[in-house]
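The values are calculated or read from the model by the stated rules, or taken from the named source; none is laboratory data. Note that the structure is predicted; figures quoted are calculated from it, not measured. Cβ placement follows ideal geometry from the backbone for every residue including glycine, while neighbour counts extend to all protein chains displayed.
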Amino acid sequence: MTTTPDHSATAPGHSPTVPDRSAAAPGLPPVVDAAAWQAARDELLVREKAHTREGDAIAAARRRLPMLEVDGTAEVVGPDGPVPFLDLFQGRDELVVYKHMWYDGAPHQGQCEGCTMVAWHLRDAVYLNARGVSFAFLTTGPWEEVAPFVAFMGYTQPWYSVRDVAGPIGGAMGELACFLRDGDRVFLTYSTTGRGIEAFSGSFAVLDRTPFGRREAWEDNPEGRPAGDHPCWYWRSDADGDATWGPTSRPVPQWTRPGATPADTLGRRSPCH
């Protein structure tokens, strides 16, 4: 049996069939014209500017916080052995540190996934240095474990072990802390933990501006948007969290390292892809 083709869509007097572009696929933002888009964008911009001004006011309040004097002679351990904490200023007046969590005896791949992401985001502090601010990583790990981890990860910033140092130089990890030097006196001026350390991770700020956001379960996303149940910096090799690490595997931030493939870093596959 033969079938006669239907040319009605293109025959004279008939309009060609075109896709309906008045609506986006389920879960995507609505489709509007340029004027409506600009109006919505301008409305949000009012809130963004208010947010920026409030952020400026909070930063000004940070600069007015009182200081806590700390022991600048406290010894931390680095590649050259024990040195006084004062040395970390490298002659500058200000010092910022990130206090990297540590799991004793864990493989390189088993160190804190959030902290490794923070460390990877600040590959060098050249701009901070130019503004009179030094930077270093502190951790409670023993130096004999920390040194090979730093080499394995390819970090270029100064690292020090504060294993036997009391807070606020040592103590709790997973924090960003700022110090000020006045001659030989050292003062803690600010510290934050939790989501306060997101200042280190510029990727978050970029993701927050995308339609799918960070794809984390806690986010307020429209119905139907992609979402996950864990942060995408985890290096777990299976969706159920079972990890398989090889001798050369590295956490997710190491994807950008020359020669480091997803198979090297994640074992079988990434939960985020």
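Structure notes:
- Yes/no for R209 being part of a helix (DSSP H, G or I) and exposed (fewer than 13 other Cβ atoms within 10 Å of the Cβ): no
- Positions within segment 53-78 being among the acidic types (D, E) and closer than 28 Å to G141 by Cβ, in sequence order: E69, D71, E75
- The residue that is farthest from P30 (Cα to Cα), among those in segment 168-225 that are touching a helix residue (DSSP H, G or I) at 6+ places or on another chain (Cβ under 8 Å) and acidic (D, E), is D184.
- Within segment 39-66, considering residues that are assigned to a helix (DSSP H, G or I) and among the basic types (K, R), the one nearest to C178 (Cα to Cα): R62
- Candidates P158, P148, P142, P107: the one that is at pLDDT 95 or above and either among the hydroxyl-bearing types (S, T, Y) or more than 30 Å from D182 (Cβ to Cβ) (or both) is P142.
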